[in-house]
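*Asks:* Below: one structure in structure tokens.
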Amino acid sequence: MSQEETLNGKLPGGAFLGRALHRIGLRGRGLVIAIPVLWLFLFFLLPFLVVAKISLSEAAIARPPYLPLWNWDDGFLNITLNFGNYLFLFDDPLYLSAYIESVKIAAVSTVITLLVGYPMAYLIARAAPDTRNILLMLVILPFWTSFLLRVYAWIGFLKGNGIINNILMKIGLINEPLVMLQTDFAVYIGIVYTYLPFMILPLFANLVKLDQSYLEASADLGARPVTTFFTVTLPLSASGIIAGCMLVFIPAVGEFVIPALLGGPDTLMIGRVLWNEFFSNRDWPIASAVAIVMLVVLVIPIMLLRKAQAAEAEVQ
Amino acid sequence: MTTSQPSTAAKPWDTPDAVPFMQIKNITKKFGSVVAVENVSLDVYKGEIFCLLGGSGCGKSTLLRMLSGFEVPTSGQIIIDGEDQAGVAPYDRQTNMMFQSYALFPHMTVEKNIAYGLKRDGLPKKEIATRVTDILSLVQMDGFATRKPHQLSGGQRQRVALARSLVKKPKLLMLDEPLGALDKKLREETQFELIKIQESLGVTFVVVTHDQEEAMTLSSRIGVMNKGEIVQVGTPHEIYEFPRNRFVADFIGSVNLFEGRIKEDGENHVVIASPEAGTDIYVPYAVSGVEGQQIAIAVRPEKMEISKADLGEMRNRTTGTVDEIAYMGNVSVYHVLLDSGKRVRVSQSNRTRSNEDAPTYGDRVNLGWAGRAGVVVTA
Ligand SMILES: Nc1ncnc2c1ncn2[C@@H]1O[C@H](COP(=O)(O)OP(=O)(O)OP(=O)(O)O)[C@@H](O)[C@H]1O
Ligand SMILES: [Mg+2]
């Protein structure tokens with residue numbers, strides 16, 4: 001955001017940057033492309049390269065806590081690449097199990113989110129236009145409150161003498177409070193709750209476009225509503241399903257706050273490992289290696305998403 | 001305009017005790033305060049190609065959608081093959097529909113699209129395969145089985161849609177603007193193909209169109225609709241030659257309408273005073289009306305003569321000035337400004353390549369038409 005404001009000259013430095021860009025021949029259409037390119041370079045590629053660099057260096061008790069990758073020695077450039085951090089990740093079962101656990105938790109929550117989100121998106125898309133806007137508002141409304149606060153509120157629901165346990169005991173369904181907080185169950189609840197809108201919105205956008213005449217054609221050819229759903233509606237919303245799943249799965253793999261607040265000591269997700277390496281052990285190279293491997297793991301689903309979108313664009 | 005005679009030599013609609021295949025009884029459909037279809041009653045017989053013809057928004061699609069069960073009539077009754085259709089869900093009806101937008105499933109190949117309806121009936125795989133192949137060759141689309149709809153041209157999609165609706169051999173096939181997306185030449189070809197297919201399968205067709213030429217070519221009978229009502233039902237010939245009212249006369253083909261009043265109401269003729277036509281018009285048959293009654297005479301452009309010479313032998317004559325000539329190849333259409341200020345259209349077929357005697361712009365011309373050329377419309 002600040003980038004655009006700068007270019008609009010709203011900030012004191014903006015006019016200067018604008019003039020500088022102008023001087024190097026960037027204006028009009030070139031500028032339009034330059035802004036996102038610059039943005040990605042500054043806030044994605046550069047940090048990525050920094051992290052990649054750190055992941056290849058050796059930890060040291062220093063400031064910053066790692067040895068430089070290269071140094072000048074008698075006029076020669078010495079580059080020391082240290083792949084030991086990566087090897088270490090595969091040596092120590094902790095990391096591998098943390099990856100697997102993260103992917104598992106993210107995958108299971110994605111499926112649950114889909115199962116909860118699809119009917120909601122479907123009903124919103126089928127609702128009368130007035131109702132539809134209200135329902136969409138309700139889906140987006142939680143974003144107006146801090147995410148941290150909302151996850152924190154779940155503690156109040158789930159804890160031993162929390163709201164849920166109190167109600168269940170009041171109506172006599174249980175005698176002992178259920179242990180829900182600090183379990184994987186709580187983590188699933190947290191993730192599904194938090195990411196549900198990211199599932200509903202792309203699904204809604206897809207389902208609302210669905211041409212009614214396909215459904216009528218299906219019925220006309222003798223398909224009952226349930227058959228029509230599985231043979232027409234579901235396949236035609238595949239791209240919405242994939243988009244929603246990616247939007248939930250990708251951030252959920254690296255989720256840190258939810259397992260930290262709601263999870264137990266044995267909920268081992270990669271976000272937490274990363275946090276520990278970085279802040280507790282001050283092992284920046286290992287932490288960076290963990291982050292890079294996570295990125296690689298996530299590139300696969302992102303590529304799947306792109307492929308699905310390209311396929312859909314072709315059909316239209 | 002080509003007027004094909006109905007394929008069935010017998011005309012069940014003229015036979016008093018013939019049982020209609022489909023009966024629509026006093027159907028009305030209201031959307032809130034909008035009356036889309038108003039008190040329509042209609043009988044369609046087996047093996048017919050029945051065209052519903054009318055302008056945009058006159059309720060054609062709504063009527064069709066009620067027949068397929070997508071809209072519930074506000075009142076009235078639909079009986080198909082002896083069965084009352086009230087409360088029968090679309091997927092339980094023995095009818096199929098070809099949609100105005102084709103509605104081919106975009107994620108399925110041509111083959112899968114066509115097989116869809118057969119699969120729902122639980123037919124064995126082998127039979128489905130043969131029926132799909134057969135219908136594909138009937139609509140001349142063999143070789144396209146594995147394409148997806150977006151890989152087809154508009155005309156090919158239309159054929160697939162037709163095949164998909166035909167393959168179940170429905171009792172009644174409804175086609176909503178089936179040829180709307182085709183160019184004129186392809187449309188004409190396909191019209192004849194449709195007739196052939198209809199004859200070979202013996203399915204009853206109800207076709208919706210707003211193209212009167214298409215209705216003329218295709219149908220055994222036409223139902224002309226206006227503002228939700230059926231204003232006239234008849235064979236293409238009846239509709240064209242004997243329009244019941246001004247709307248039908250004006251809607252089907254082009255027509256010159258001369259307004260006037262009955263001047264002389266004879267035993268077997270009437271004379272109509274029409275200042276608009278600039279003459280008294282003689283009609284050699286009796287008309288139910290009283291002297292002084294407002295009435296109109298409809299005369300088709302091709303039934304009028306135009307000449308610079310005298311047209312003494314014609315029963316009805318008037319004069320005017322050629323204002324415009326539209327050369328259409330096979331015919332030339334003259335727009336003539338009568339002395340009364342009314343414009344009339346007269347078409348003459350171009351029998352020779354050039355004709356020195358033909359009237360041209362600005363010429364004073366005589367117009368004439370036979371007594372039987374005009375048809376009286378009272379409503
Ligand atoms: N679902 C609906 N809700 C409200 N009004 C409708 C609805 N469907 C149709 N109408 C109205 O009913 C009338 C008839 O519509 P219909 O679609 O039957 O026309 P049509 O004869 O098929 O026209 P076209 O030739 O343009 O397809 C129109 O005035 C239309 O606005
Ligand atoms: Mg229509």
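*Asks:* Give the residue that is farthest from residue B:170 (Cα to Cα), with candidates limited to residues of the range B:204-218 that are more than 16 Å from ligand 2 (Cβ to nearest atom) and aliphatic (A, V, I, L, M).
*Replies:* Per the stated criteria, the residue is B:216.
*Asks:* Here's another thing I want to ask about it. Which one is farthest from ligand 1 (Cβ to nearest atom) among residues in the range B:51-83 that are within 14 Å of chain A (Cβ to nearest Cβ), under 12 Å from residue B:208 (Cβ atoms) and open to solvent by 10 Å² or more (accessible area, probe 1.4 Å)?
*Replies:* Per the criteria, the residue is B:65.
*Asks:* Of everything in the range A:78-95, what is open to solvent by 80 Å² or more (accessible area, probe 1.4 Å) and either touching a helix residue (DSSP H, G or I) at 6+ places or on another chain (Cβ under 8 Å) or assigned to a helix (DSSP H, G or I) (or both)? Give them in sequence order.
*Replies:* A:87, A:88, A:90, A:91, A:93
*Asks:* Just to verify a result, which residue in the range B:183-196, among those that are of a type in the set (A, V, I, L, M) and open to solvent by 10 Å² or more (accessible area, probe 1.4 Å), is nearest to ligand 1 (Cβ to nearest atom)?
*Replies:* B:186
*Asks:* Any residue that is touching a Ser or Thr at 6+ places or on another chain (Cβ under 8 Å) and on the phi > 0 side of the Ramachandran plot - is there at least one of those in the range B:163-170?
*Replies:* The answer is no; no qualifying residue exists.
*Asks:* Criterion first (out of contact with any Lys or Arg (no Cβ under 6 Å at 6 or more places or on another chain) and touching a residue at least 60 places away in the same chain (Cβ under 8 Å)) does residue B:108 satisfy it?
*Replies:* no
*Asks:* Let me ask something else. Considering only strands (runs of 3 or more DSSP E) fully contained in the range B:327-379, which possess at least 1 residues that are open to solvent by 20 Å² or more (accessible area, probe 1.4 Å) and over 30 Å from residue B:231 (Cα atoms)?
*Replies:* The strands (runs of 3 or more DSSP E) meeting that bar are B:331-338, B:343-349, B:364-369.
*Asks:* Follow-up. Return yes when residue A:202 is touching a residue at least 24 places away in the same chain (Cβ under 8 Å) and open to solvent by 10 Å² or more (accessible area, probe 1.4 Å) and no when it is not.
*Replies:* Taking the combined requirement at face value, the residue satisfies it.
*Asks:* Then there's this: In the range B:84-100, which residues are open to solvent by 20 Å² or more (accessible area, probe 1.4 Å) and within 16 Å of ligand 2 (Cβ to nearest atom)?
*Replies:* Across the range B:84-100, the qualifying residue is only B:100.
*Asks:* Let me ask something additional. For residue A:125, only one of the following conditions fails: (1) under 26 Å from the mean Cα position of the chain (by Cα); (2) loosely packed, with under 14 Cβ neighbours inside 10 Å. What is its number?
*Replies:* (2)
*Asks:* Next question. Quick check on residue B:118: is it under 23 Å from residue B:210 (Cβ atoms) and either surrounded by fewer than 20 Cβ atoms within 10 Å (Cβ to Cβ) or at pLDDT 95 or above (or both)?
*Replies:* For residue B:118, the condition - under 23 Å from residue B:210 (Cβ atoms) and either surrounded by fewer than 20 Cβ atoms within 10 Å (Cβ to Cβ) or at pLDDT 95 or above (or both) - is not met.
*Asks:* Here is a follow-up. Which residues, taken from the range B:173-182, are away from ligand 2 (no atom under 16 Å from the Cβ) and within 12 Å of chain A (Cβ to nearest Cβ)?
*Replies:* Answer for the range B:173-182, where residues must be away from ligand 2 (no atom under 16 Å from the Cβ) and within 12 Å of chain A (Cβ to nearest Cβ): just B:173.
*Asks:* Could you name every one of the helices (runs of 4 or more DSSP H) located completely within the range A:207-316 that has at least 1 residues being away from chain B (no Cβ under 14 Å), open to solvent by less than 50 Å² (accessible area, probe 1.4 Å) and touching a Ser or Thr at 6+ places or on another chain (Cβ under 9 Å)?
*Replies:* Per the criteria, A:238-253, A:257-262, A:270-275, A:284-315.
*Asks:* Quick check on the range A:185-203. Is at least one of its residues within 14 Å of another protein chain (Cβ to nearest Cβ) and either within 30 Å of residue A:261 (Cβ to Cβ) or at pLDDT 95 or above (or both)?
*Replies:* no
*Asks:* Here is a check on your reading of the model: is residue B:361 of a type in the set (Ser, Thr, Tyr) and in contact with a helix residue (DSSP H, G or I) (Cβ under 9 Å, 6 or more places away or on another chain)?
*Replies:* Against the criterion (of a type in the set (Ser, Thr, Tyr) and in contact with a helix residue (DSSP H, G or I) (Cβ under 9 Å, 6 or more places away or on another chain)), residue B:361 does not qualify.
*Asks:* Please go through the range B:93-119 and give me each residue that is under 20 Å from residue B:193 (Cβ atoms) and either assigned to a helix (DSSP H, G or I) or within 16 Å of ligand 1 (Cβ to nearest atom) (or both), ordered by number.
*Replies:* Answer for the range B:93-119, where residues must be under 20 Å from residue B:193 (Cβ atoms) and either assigned to a helix (DSSP H, G or I) or within 16 Å of ligand 1 (Cβ to nearest atom) (or both): B:97, B:98, B:99, B:100, B:102, B:110, B:113, B:114.
*Asks:* Could you go through the range B:35-43 and let me know if any residue there is at pLDDT below 95, assigned to a helix (DSSP H, G or I) and of a type in the set (Asp, Glu).
*Replies:* Among the residues of the range B:35-43, not one is at pLDDT below 95, assigned to a helix (DSSP H, G or I) and of a type in the set (Asp, Glu), which makes the answer no.
*Asks:* Of everything in the range B:162-181, what is within 16 Å of ligand 1 (Cβ to nearest atom) and buried (at least 18 other Cβ atoms within 10 Å of the Cβ)? Give them in sequence order.
*Replies:* Correct list: B:174, B:175, B:176, B:177, B:178, B:179.
*Asks:* Looking only at the range B:22-41, filter to residues that are open to solvent by 10 Å² or more (accessible area, probe 1.4 Å) and under 20 Å from the mean Cα position of the chain (by Cα); which one of those is farthest from ligand 2 (Cβ to nearest atom)?
*Replies:* Within the range B:22-41, the match that is farthest from ligand 2 (Cβ to nearest atom) is B:23.
*Asks:* Can you name the residue in the range B:32-50 that is touching a residue at least 24 places away in the same chain (Cβ under 8 Å) and either near ligand 1 (Cβ under 10 Å from one of its atoms) or closer than 18 Å to residue B:101 by Cα (or both) and is also farthest from the other protein chains (Cβ to nearest Cβ) among such residues?
*Replies:* Among those residues, the one meeting the criterion is B:35.
*Asks:* Additional query: Got a sec? Which helices (runs of 4 or more DSSP H) wholly within the range A:127-174 have at least 2 residues that are in contact with a Leu (Cβ under 8 Å, 6 or more places away or on another chain) and under 19 Å from residue A:188 (Cβ atoms)?
*Replies:* Of the helices (runs of 4 or more DSSP H) lying wholly inside the range A:127-174, those with at least 2 residues that are in contact with a Leu (Cβ under 8 Å, 6 or more places away or on another chain) and under 19 Å from residue A:188 (Cβ atoms) span A:147-158, A:163-170.
*Asks:* Go through (1) more than 12 Å from chain A (Cβ to nearest Cβ); (2) in contact with a helix residue (DSSP H, G or I) (Cβ under 6 Å, 6 or more places away or on another chain) one by one and return the number of the condition residue B:154 breaks.
*Replies:* (2) is the only condition that residue B:154 fails.
The values are calculated or read from the model by the stated rules, or taken from the named source; none is laboratory data. All of these numbers come straight from a predicted model, not from anything done at the bench. Cβ sites come from the backbone with ideal geometry, for glycine too, and all protein chains shown count toward neighbours. Areas reflect the complete protein model, heavy atoms only, side chains present, ligands, DNA and RNA absent. Shrake-Rupley method; radii C 1.70, N 1.55, O 1.52, S 1.80 Å.
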